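Visitor: I have a structure I would like to understand better, so I am pasting it below and will then ask my questions one at a time.
The values are calculated or read from the model by the stated rules, or taken from the named source; none is laboratory data. Note that the coordinates shown come from a computational prediction; the quantities given were computed from them, not determined experimentally. Cβ placement follows ideal geometry from the backbone for every residue including glycine, while neighbour counts extend to all protein chains displayed. Side chains included, ligands, DNA and RNA excluded: accessible areas come from the protein's heavy atoms. Shrake-Rupley method; radii C 1.70, N 1.55, O 1.52, S 1.80 Å.
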Amino acid sequence: MDLLSASSTTFLHPVIAGGTCTPPPAKSTEQWLLSTLKYPKTLAQLKGLHAQVVKTGHSHDDLVLGQLLLCCSTSRSMGYALSVFLSIPSPKPFFYNAMLKGYAHGGAHDECLDIYSLMRSRSVPCDSFTFPVVLRSATSLGLVGVGEEVHGVTVKMGFAREVIVQTAVMDMYSSCGLAERARVIFDRMDERDAICWNTMIAGYVKCGEYDRACDLFDRMPEKNISSWNTILDMYCKVGNMCMATHLFDSMPERDVISWNAMISGYAKAGDPDAARRLFEEMQTSVVKPNEVTVVAVLAACAHLGALDLGHLVDAQRVFDGAGGRDTFLCSTMIEVLAMHGKAEEAFQLFDFMRKEAIGPNDVTFVGLLKACSHAGLVEAGQSYFDMMNTVFGMKPKVEHYGFVWASLLSSCRIHGDVKLAEKVAWEDAAMIRKTMKKKGIVKKPGCSLIEDVDSDRKEQALLHHSEKLALAFGLNQHKKKNPEHEMRILTHNCYWLELAEIGILVISTHTCLPRIGHLHEEHNLNHV
């Protein structure tokens, strides 16, 4: 965006929209405008309010114009905010800060840096509200060089002792992997508040220096709940739920972030039962669940290899009880429904998302394609796959291709066409890989696990694809060649598999079942 050239454009004042901007006689016009502009508005309403500003002679009222810019930013109408900003003859620093904040909060970090450059080129003085926002945008864009330059400006302009500014500099360095440089600033500060300590602790966590994070946490003179949550979240993310539980039990107080970290930690660590129990405990506490909690619980319901959790936790009830609907919540619920063979319900939820203008993401389509795979709905799967690009402009990833392929295999299984299934599983693999290579899709390495399941769970197939045919073939060949030996299986897809459907049919015919352990990926092969 060329702001300097844009500043020469002529701004046309808007037309009053629908007569909704007339201030009540009981209030002064300025009071009414300031009060009305506190809340988000539609673009039409913003134009009407701006027209009222001009009509009532407040177009030179800094307080009103500043509030108008802030209202534009909270209303996500930064295009209109820029028009208003460029119409101001000599914007004061807080006008620039309002634009910086609006762009940064909306994720438009390039534009935020453009405003900062314009500010510097016009020799407009920066203040302690300017630098933290600019540094955050530089960090988000990974521009450590820009961050270093801004750091230099803060020192040159006398902000080296401003805690809020130097804390932002620390966060920039640690977020860019330079924890040591952040620590130098931390050690040189004359005074440090809780935010400063928490920023440095979080910086060590971001850089993977967990021991140093814990050491600084122990040395912190006055810990607040954010301090405890930072370390708690660290233990959860690295999978050390033993230490996380000890810390959680030791916390003087807990908020919703504390509970969410533990519930998500248990789900990711492969202990969805513990996640369920903690969620039930949370419901009896004074802390109430939020949307993040619901997503974590639903993720636990959908945890691979633990589908029986769906019988213990009423996922639909949890979902229905959520206060709002967003992409993450709906996508997670779609995956839960897919896991439990509820294809139609998954499709209906996706229709709801489109009706409510809730944009899908990669996970949404993984869930939809998984539902098609389990039900053998080849045409529906192909339709959703095509929709990713043609409707939403999303590039399919390896897992999306895998589930389209799996839908065809599942269809073959449902109709009992074993020969066709074998043909698809083995011959079409080359075609899939060729297509993926042509489209520049690279499969991430990973590992798989096959776990024993009881008769109540064997009907809930986690995924239907060629690896189950490989498993069936492998078990059959292994029994013939080495009936007493352990079998090692190498897979080419990083999924968790259950001995269900195709696998169970083969395994159930064996009187002597070989021990199956961990499956490691090796050279993209199904090898027995």
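Visitor: How much length, in nm to one decimal, is gained on full extension between N290 and D218, taken as 0.36 nm per residue of separation minus their Cα-Cα distance?
Guide: Between N290 and D218, full extension yields 22.9 nm more.
Visitor: State whether region 124-221 is rounded, prolate or oblate according to the following rule on the C-alpha gyration tensor (a ≥ b ≥ c being the square roots of its eigenvalues): a/c under 1.5 gives rounded; otherwise a/b larger than b/c gives prolate, and the remaining case gives oblate.
Guide: Here region 124-221 falls in the oblate category.
Visitor: At a 1.4 Å probe radius, carbon and sulfur cover how many percent of the accessible area of region 166-292?
Guide: 49 percent
Visitor: Using a 7 Å offset from the Cα along the Cα-to-Cβ direction at both D187 and D386, what is the distance between the two label points in nm, to one decimal?
Guide: Between D187 and D386, the simple spin-label model gives 6.4 nm.
Visitor: At what distance in nm do the modelled label points of V363 and K395 sit from each other, each positioned 7 Å from its Cα along Cα→Cβ?
Guide: 2.2 nm
Visitor: May I ask you to compute the full-extension gain from M243 to S59, defined as 0.36 nm times their residue separation minus their alpha-carbon distance, rounded to one decimal in nm?
Guide: Gain in length upon complete extension: 60.4 nm.
Visitor: Also, I was wondering about something else. Compute the length gained on full extension between Y210 and K92: take 0.36 nm times their separation in residues and subtract their Cα-Cα distance, giving the result in nm to one decimal.
Guide: Difference between extended and current length: 38.1 nm.
Visitor: Measuring from label point to label point, each 7 Å out along Cα→Cβ, what is the Y39 to E180 span in nm?
Guide: The modelled label-to-label distance comes out at 5.4 nm.
Visitor: Rank by packing, highest mean first: peptides 173-183, 353-363, with packing defined as the count of other Cβ atoms within 10 Å averaged across residues.
Guide: Top to bottom by mean Cβ count within 10 Å: 173-183, 353-363.
Visitor: Using the structure shown, list the pairs from K288/K342; K41/K101; K342/K370 with a Cα-Cα distance above 20 Å, or answer none.
Guide: Checking Cα-Cα distances, K288/K342 exceed 20 Å.
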